[in-house]
Structures are given as C-alpha cells and as structure tokens.
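The values are calculated or read from the model by the stated rules, or taken from the named source; none is laboratory data. Computed from a predicted structure; not experimentally measured. When we count neighbours, we look across all protein chains shown, and the Cβ atoms used for this are built from the backbone with ideal geometry, even at glycine.
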Amino acid sequence: AQTFAAGIVSGLVVLFRYEIGIAAAGATSMVILGRILVAKDPSVSPIRAVFSKLGPYLAGGLLVTGPLMVFYIWQGVVPDLIYQVLLFPSKTYAVNRNLPFPIFESAFINYVVYAPPSIVAIYVYLLFRGLIKDIKSIDYKSGISIFCAVLSSIFYIKGMVRVSPIHMCLSFIMSLALMANVFVRSISQYRSYSAVLKIACAATIGLVISTSLAALLICVQRFVPVKYATISEFPTVITKNERLGSFRNRIDQAQAIDYIVKNTEKNEPIFVGNSRHDRIVQNDIIFYFLADRTPSTKWFQFDPGLQTNAHIQNIIVSELGQKKVRYVVLNSLYDNIIEPNGSAISSKIKTLDDYIATNYIKVYECGSYRVMKLKIG
C-alpha cells in the first residue's frame, strides 16, 4: 500500500512538472531495485521480486498519468508533446543555452554550482570506505540517502547544460537533504576521518553556508521597499500589483502593464514579444501573469532556436491575424544580452518583426517597453 501510494505521489509530481516527476520516479525505482538486490531472497525469483516490489509503485504512477496520456492521444497533441519535450531540446537546447562553469566570477553566489557534486562525492567516498553501510543494508534512512544522491545527480546532469544557480537549485536542494541525512548518521565517526576528508567536509559546508547567505542577501534586497527620485534608471520597486505580492518589478514594466490593463478586456489575448525575434535569449513571460491577460499563442515562452525559426514565426503571425490581437507589447530589455552560445547568432528570420511593423503602430512607450496597437483598416 505504501509503495502504491508513493507511485501516486510520483504521478502527481509528473503532472506538476514532468522532468521532476520522471527523475523522482527513476530515483525511487533505483532504491526499490537496490533493496531487492540487497535482500536476495533465494525463495523468490528475481522477476517475481521486481514485479511484487516495483509493480505497485509503477501502477500508482500510471493511475495518475495514464488518463492524461489517453487524453493527449485523443486530442492529437502527442506529436507537439514529443517535439517540445524530446526533439527540440535534443537538437538545439545544448547549442543555444549552454553556459560555462564559473571560474572567476564577481557574483559569489554562482559558486554554489560546485556544492552538489562535492556533497555527493563525499557521500560516495563514505560508501566505498565502509563508513556508511547504505549498500549492505538499505533501510529507511539509507534509502533516503540513496534517493537524495541519485536525484541530486540527475538534476545536476540536467542543469549542466545551463550552469547557473537557478538551474542547479533542484540539485542543490536534494544535496542539502543528503548532507543533513549523512551528517546526522556519521557525526559519531567524524574523529576517525582522514585529514583530507575532514578538510573536504569543512570546505563543502563552508561553500554551502557562504553561498546560501549570499542568496539570502539577494532575497532581502528584493523585499526591501526603496523610493527612487527618477524613472530614467528604471529601478526595481514595490508596486501595487496584487499578483506580484511583495516582490519588485521594474517601473517601466509596471507602467506598461498598467496601460494594457486599462485598454484591454480581461479575457482579451495579447502578445508579449521582444523588439527583435531573429535572436532571442529570453522574454518577459511574467508580463501575461501580472497583467492577467492570456497569450495570443501557445508559443509564448521564447527559446532560441524555436521562436527564431520560420515555422514557429509563421504560426505566431497566423494566430495574431486570426484572433485579431489588438495589442502587442515589445520589450528591448534582452537585446543587449549576449551569451557564449548559439543564442548570440541571428537566424536572419524577420517574419514576425516585419508583420508587427506593418500591421501595428506604437501608442505607448516607457523605458524598454513599446505598446503597439493594431492598425484600423
């Protein structure tokens, strides 16, 4: 019953965010299989053992995800799903999104990316040195350690394409759980550790604490209200947007949102793009949420290699025309961001830019934002 319930939880996680759910299911399956291998009950065949232990877990997951899979097949969206989840990322994600590991960085928080592999490496060393008995006997506590180590490693490998604190945060969280679990279970043996191992442990803990404090400082700065005298610098401030809560957003963004809210209906679709779409790093996707307006296209989250190609731009243009979208918001904030990857190279595709320039006219501008309105006639 517990294994079946765990499968249901994993299925719910898949619905929340598929890669996290699949990774968690993989890590859990590894723990279950490891326990089967350690038990080695001669009276039960390996196949039967796997079926009896792993079967309920997989059944619980399918109970949640199965109906959604059937619905996807019925709606005919499986090809789009395969394209966005497998085909597109495998061909262009690494080329257009990869970032190098930090070596000489001014922002100390970036060095947090070295914490997860350090913690996992220490755990693996303790395993092979026999200082932790997780391999010989997989109980509740050791199962948690193995789960955290495997999941942290999976998330780290996933984040290695785009090396940054935000993309490594899942791996960092799981490594913290692993560190806490191992620390509690092995603290009594700390005196028997070699000098090298003690230094490695101290350095890793120091890295975790210092980078966490740096992250905390950034969060505190974002919550502290600050009054500015001028708008020309477009600082981040606390606004009255209820959807933003206590977080800050830029003044020019807040003013552009205010203009859209006052001039559109709540159920009216808008399009939020960049000032150019032949080269993309990212886009202001949160604008839709803060303005409480729906996107005019399902391709509203921009990725280099996707919205920069002719096929997707033609679809967006077609949807703008079919839905008679009145307002387009263009943001130039990301124009000057150049990353050391394929996103820095123009695709030479100007279909979307030409369509907007031909069919829309500027009615409002503030900072990096231009609000364009559909021409009449």
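Checked against the criterion of being touching a strand residue (DSSP E or B) at 6+ places or on another chain (Cβ under 9 Å), part of a helix (DSSP H, G or I) and not basic (Lys, Arg), the stretch 151-167 has at least one qualifying residue. With respect to the conditions (1) more than 22 Å from the chain's Cα centre (by Cα); (2) at pLDDT below 85, Phe108 falls short on a single one, namely (1). Checked against (1) touching a residue at least 24 places away in the same chain (Cβ under 8 Å); (2) aromatic (Phe, Trp, Tyr); (3) loosely packed, with under 11 Cβ neighbours inside 10 Å, Trp74 meets all criteria but (1). Checking the structure you have, find out if any residue of the stretch 304-318 is at positive phi, part of a loop (DSSP other than H, G, I, E, B) and touching a helix residue (DSSP H, G or I) at 6+ places or on another chain (Cβ under 7 Å). Yes, the conditions are met somewhere in the stretch 304-318. Scanning the stretch 145-159 for residues being of a type in the set (Phe, Trp, Tyr) and modelled with pLDDT under 90 gives a total of 1.
For the residues Leu99, Leu68, the requirement of being surrounded by 11 or more Cβ atoms within 10 Å (Cβ to Cβ) and touching a strand residue (DSSP E or B) at 6+ places or on another chain (Cβ under 6 Å) singles out Leu99. Only one of the numbered conditions (1) touching a residue at least 24 places away in the same chain (Cβ under 8 Å); (2) part of a strand (DSSP E or B); (3) more than 21 Å from Asn267 (Cα to Cα) is violated by Glu365, and that is (1).
When the helices (runs of 4 or more DSSP H) confined to the stretch 30-116 are screened for residues that are closer than 24 Å to Gly7 by Cα, those reaching at least 1 such residues are found at 46-75, 78-82. Here Ala256 clears all of (1) at pLDDT 95 or above; (2) surrounded by 20 or more Cβ atoms within 10 Å (Cβ to Cβ); (3) assigned to a helix (DSSP H, G or I) except the condition numbered (1).
Residues in the stretch 15-30: is at least one touching a Cys at 6+ places or on another chain (Cβ under 9 Å) and within 20 Å of Cys148 (Cβ to Cβ)? Yes, that holds for at least one residue. If you filter the stretch 325-350 down to residues that are among the aliphatic types (A, V, I, L, M) and part of a loop (DSSP other than H, G, I, E, B), you find that the one that is surrounded by the fewest Cβ atoms within 10 Å (Cβ to Cβ) is Ile338.
Taking the conditions (1) modelled with pLDDT of 85 or more; (2) surrounded by 12 or more Cβ atoms within 10 Å (Cβ to Cβ) in turn, Ala49 satisfies each one other than (1). Applying the criterion of being surrounded by fewer than 20 Cβ atoms within 10 Å (Cβ to Cβ) and among the β-branched types (Val, Ile, Thr) to the residues of the stretch 160-189, the residue that is modelled with the highest pLDDT is Ile173. Screening Lys375 on (1) out of contact with any Pro (no Cβ under 8 Å at 6 or more places or on another chain); (2) within 22 Å of Trp299 (Cα to Cα); (3) touching a residue at least 12 places away in the same chain (Cβ under 8 Å) shows it passes everything except condition (2).
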